[in-house]
1. For the stretch 1-52, what is Rg from Cα atoms divided by 2.2 N^0.38 Å, rounded to two decimals?
2. What do you get for Rg/Rh over the stretch 173-220 if you use C-alpha atoms and the Kirkwood form of Rh?
3. Rounded to the nearest whole Å², what accessible area per residue is found for the stretch 1-124 with the 1.4 Å probe?
4. Given the Cα-Cα distance of L111 and D173 and 0.36 nm per residue of separation, how much length would full extension add, in nm?
5. Would you work out what percent of the accessible area of the stretch 60-109, with all protein chains in place, is carbon or sulfur (probe 1.4 Å)?
6. Taking a cut-off of 18 Å, what percent of all Cα-Cα pairs in the stretch 217-341 are separated by more than that?
7. For the stretch 170-184, list residues with backbone N below 13 Å from a point placed 7 Å from the Cα of R268 toward its Cβ?
8. Roughly speaking, to the nearest percent, how much of the stretch 183-341's 1.4 Å accessible area is carbon and sulfur?
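The values are calculated or read from the model by the stated rules, or taken from the named source; none is laboratory data. Because the structure is predicted, anything quoted here is derived from the model rather than measured. Here the Cβ positions follow ideal geometry from the backbone for every residue, glycine too, while neighbour counts run over all protein chains shown. All accessible areas refer to the heavy atoms of the entire protein, side chains included, with ligands and DNA or RNA removed. Shrake-Rupley method; radii C 1.70, N 1.55, O 1.52, S 1.80 Å.
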Amino acid sequence: MNPTETWILENLRPTKTTSARLISDRSELQSGGQLVGIYQEPTPENTYHWRDTAICEAFAVAVCGTDRVIMDVGPGDGWPSLIIAPRCAKIIGIDPSDKRVGVQRGNAQRLGISNCEFRNMDIQDLAFPDNTFDGAVAASSIEQADDPIKGLTEIYRVLKPGAKLAMTFEKYDDEVDTNSEEVCVEISESEYLLSYLVCESKALREARYAIWFDHSILQNNEIRQIVNSIQASGSTWLADHSLIELLRCLQTSIVNSCYYELHHFSLRSLGNALAKIGFTDIRGFGCDINSLMPFAEFAITSGIAQNLKETFMQVSSYFGAASVRFAKSGVGDFTIATKPI
């Protein structure tokens with residue numbers, strides 16, 4: 001824990017919360033409304049559309065079947081549930097954010113998808129009997145839980161014997177001691193919020209502190225200039241200034257504060273956790289989707305992408321399916337694990 005975190009905890013005594021309450025409940029749209037197939041029409045000029053199409057196909061190939069009931073852990077705004085729904089009998093999405101569940105249900109209705117059900121539920125305490133689901137998907141969501149190991153254990157419990165978990169995750173490297181800090185501000189008519197984010201790679205740790213100020217301090221020109229500098233480039237500002245000194249000067253104007261702390265996975269720690277819980281046949285691949293992404297970038301920069309409008313989703317899907325078929329033993333950015341029979 002660095003000196004800035006220590007000062008915040010000792011002097012502001014922030015309330016501990018969850019990423020669902022601090023991030024998900026405050027976000028209007030997941031990924032800024034960029035989700036292909038949910039908010040955007042697919043286009044080959046967007047590399048993320050190539051990747052996301054391939055990843056959704058990988059999820060579907062790994063766990064789906066027209067007679068299967070699948071659980072989606074933390075669907076955000078309904079991704080990938082709403083994309084892979086036609087490949088399943090039913091999908092039940094569980095999410096700890098009330099707001100996200102409302103958005104998920106609204107998107108399902110807007111898109112005319114009737115075999116998706118979304119529930120407000122914590123992955124660490126799933127309200128399902130043992131051996132309920134024929135498969136589970138999780139798109140960078142398990143590590144958002146307070147206790148991701150407990151979350152994985154719960155997933156294992158509710159899967160049927162022989163069922164698979166397919167997941168992506170925000171990979172950390174526990175062999176490299178890399179730390180990063182970010183600070184940003186959000187100003188609206190109702191609030192003035194400063195967020196301070198810390199990521200520690202070797203410790204597999206992320207912490208975010210949210211500090212709310214009285215709006216009146218923005219009437220001070222000097223403070224307003226500092227705010228403008230942080231908005232322009234929070235990382236650069238942090239490199240040249242002390243956040244502790246700023247917070248100390250503005251402490252009397254702070255009206256509220258809270259924080260969450262997450263424990264991430266590395267390739268090694270996820271593999272160890274899955275095996276210890278009982279998963280077998282652990283296989284994985286990188287999220288460059290076996291060279292699909294370099295090809296997509298080449299297609300865009302060379303100008304040929306515009307000629308692939310009719311075929312790029314099919315090509316991406318082939319890459320996603322092939323990635324599952326030829327996944328190597330061990331954990332990858334995209335990991336598939338089986339509950340043994």
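1. Working: Rg = 18.2 Å, N = 52, 2.2 N^0.38 = 9.9 Å.
Ratio of Cα Rg to 2.2 N^0.38 Å: 1.85.
2. Radius of gyration over Kirkwood radius for the stretch 173-220 works out to 1.20.
3. 43
4. Details: separation 62, 0.36 × 62 = 22.32 nm, distance 3.86 nm.
Gain in length upon complete extension: 18.5 nm.
5. Numbers: 810 of 1640 Å².
After summing per-atom areas, the C and S share lands at 49 percent.
6. 72
7. Under 13 Å, as judged by backbone N against the label point of R268, lie 172-177 of the stretch 170-184.
8. On the way: 4160 of 8070 Å².
Carbon and sulfur: 52 percent of the exposed surface of the stretch 183-341.
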